[in-house]
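A.B. asks: Following this message is one structure expressed as structure tokens.
The values are calculated or read from the model by the stated rules, or taken from the named source; none is laboratory data. Small disclaimer: the values here were computed from a predicted structure and weren't measured. Here the Cβ positions follow ideal geometry from the backbone for every residue, glycine too, while neighbour counts run over all protein chains shown. Protein only, heavy atoms only, side chains kept; ligands, DNA and RNA dropped before computing areas. Shrake-Rupley method; radii C 1.70, N 1.55, O 1.52, S 1.80 Å.
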Amino acid sequence: PAARAELARRSQPYATCLTDAEWQIVQAFLPAPVPYGRPRRWPMRALLDGMLYVLRTGCAWRHLPRDFPPWQTTLRWFLRLARSGAFERMAHALAMADREQAGRGASPTAAVVDAQAARSSGTGVAGRRGYDAAKRVVGRKRHALVDTDGRLLLAAVSPADLHDSHGGIALLRTSRRPWPFVALCYADRAYAGPRVANASPVRIEIVGSKPSQDGFAVQPRRWVIERTFAWTGRCRRLARDHEATPGSAVA
């Protein structure tokens, strides 16, 4: 009930529209208008609201309501922001700010890594997919690195046939620059072995089920990343793999 009340936003035209307080934070990461050339016709806030509408509802870009800027303009700006790394910089700053608001250090010292297989949206989609034999999924695999509270630190997308350990190695190596103080990472048995342990200075601690375990049980430390995947599942655009490129899926 608390999450539903927070996401409702009855004062906004749509539940996905940014509030004034959120816009004050977000606009610092968006490109400012240039003094030359043709002036912008559509405000950046309306364009970002359109992107969030597509993310939350899962509709196609062509089906964007007419209350937003034209879908061609919204899609073009989405691709431009994705290629410039604006979403990654925004997520990095928001994660640090939220940790400080919770009374923790801005940069985490421990993390959790895991992967999720996302089924493809169907035939006729562009981009390379793969088959995950363990999950029997044709699509892509999302690799995520989160802190011990479940905040997303890094993400990557690969074909579903790529093993979890390969994606985990890439995330651990990439994390050294944006999150240099991460020294410990919790993972499941898919990340066991010297290949992942020796890939970076981060120490890997394997958290698995006990030999006497019968049935399902919540695993300590690892459950936070499963909750993060459940959070992303609230956005219908991410319930399946609809994107043409891995970069667009990560954004």
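Residue-wise test of (1) among the hydrophobic types (A, V, I, L, M, F, W, C); (2) over 19 Å from the mean Cα position of the chain (by Cα); (3) modelled with pLDDT of 95 or more.
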site: L47; (1), (2), (3): yes, yes, yes
site: M51; (1), (2), (3): yes, no, yes
site: G58; (1), (2), (3): no, no, no
site: L81; (1), (2), (3): yes, no, yes
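A.B. asks: Can you list the strands (runs of 3 or more DSSP E) found entirely within region 121-170 that contain at least 1 residues being within 14 Å of the chain's Cα centre (by Cα) and not acidic (D, E)?
C.D. replies: 137-147, 152-159
A.B. asks: Evaluate the following for L152: is it without any contact (Cβ under 8 Å) to a residue 24 or more places away in the chain, over 15 Å from R240 (Cα atoms), in contact with a helix residue (DSSP H, G or I) (Cβ under 7 Å, 6 or more places away or on another chain) and open to solvent by 40 Å² or more (accessible area, probe 1.4 Å)?
C.D. replies: Against the criterion (without any contact (Cβ under 8 Å) to a residue 24 or more places away in the chain, over 15 Å from R240 (Cα atoms), in contact with a helix residue (DSSP H, G or I) (Cβ under 7 Å, 6 or more places away or on another chain) and open to solvent by 40 Å² or more (accessible area, probe 1.4 Å)), L152 does not qualify.
A.B. asks: So, one more: State yes or no: is G127 exposed (fewer than 15 other Cβ atoms within 10 Å of the Cβ) and either out of contact with any Gly (no Cβ under 9 Å at 6 or more places or on another chain) or at pLDDT 95 or above (or both)?
C.D. replies: no
A.B. asks: Please find, among V182, V218, the residue that is touching a helix residue (DSSP H, G or I) at 6+ places or on another chain (Cβ under 9 Å), modelled with pLDDT of 95 or more and part of a loop (DSSP other than H, G, I, E, B).
C.D. replies: Details: V218 fails: modelled with pLDDT of 95 or more.
The unique qualifying residue is V182.
A.B. asks: Follow-up question, since we're still on this one. Does any residue of region 101-114 turn out to be closer than 18 Å to V26 by Cβ and open to solvent by 40 Å² or more (accessible area, probe 1.4 Å)?
C.D. replies: Yes, that holds for at least one residue.
A.B. asks: Given R195, R173, R177, R227, which one is of a type outside the set (V, I, T), assigned to a loop (DSSP other than H, G, I, E, B) and open to solvent by 70 Å² or more (accessible area, probe 1.4 Å)?
C.D. replies: Values: R195 fails: assigned to a loop (DSSP other than H, G, I, E, B); R173 fails: assigned to a loop (DSSP other than H, G, I, E, B); R227 fails: assigned to a loop (DSSP other than H, G, I, E, B).
Going through R195, R173, R177, R227 in turn, just one is of a type outside the set (V, I, T), assigned to a loop (DSSP other than H, G, I, E, B) and open to solvent by 70 Å² or more (accessible area, probe 1.4 Å): R177.
A.B. asks: Across region 43-62, what is the number of residues that are open to solvent by 60 Å² or more (accessible area, probe 1.4 Å) and in contact with a Phe, Trp or Tyr (Cβ under 8 Å, 6 or more places away or on another chain)?
C.D. replies: Of the residues in that region, 2 qualify.
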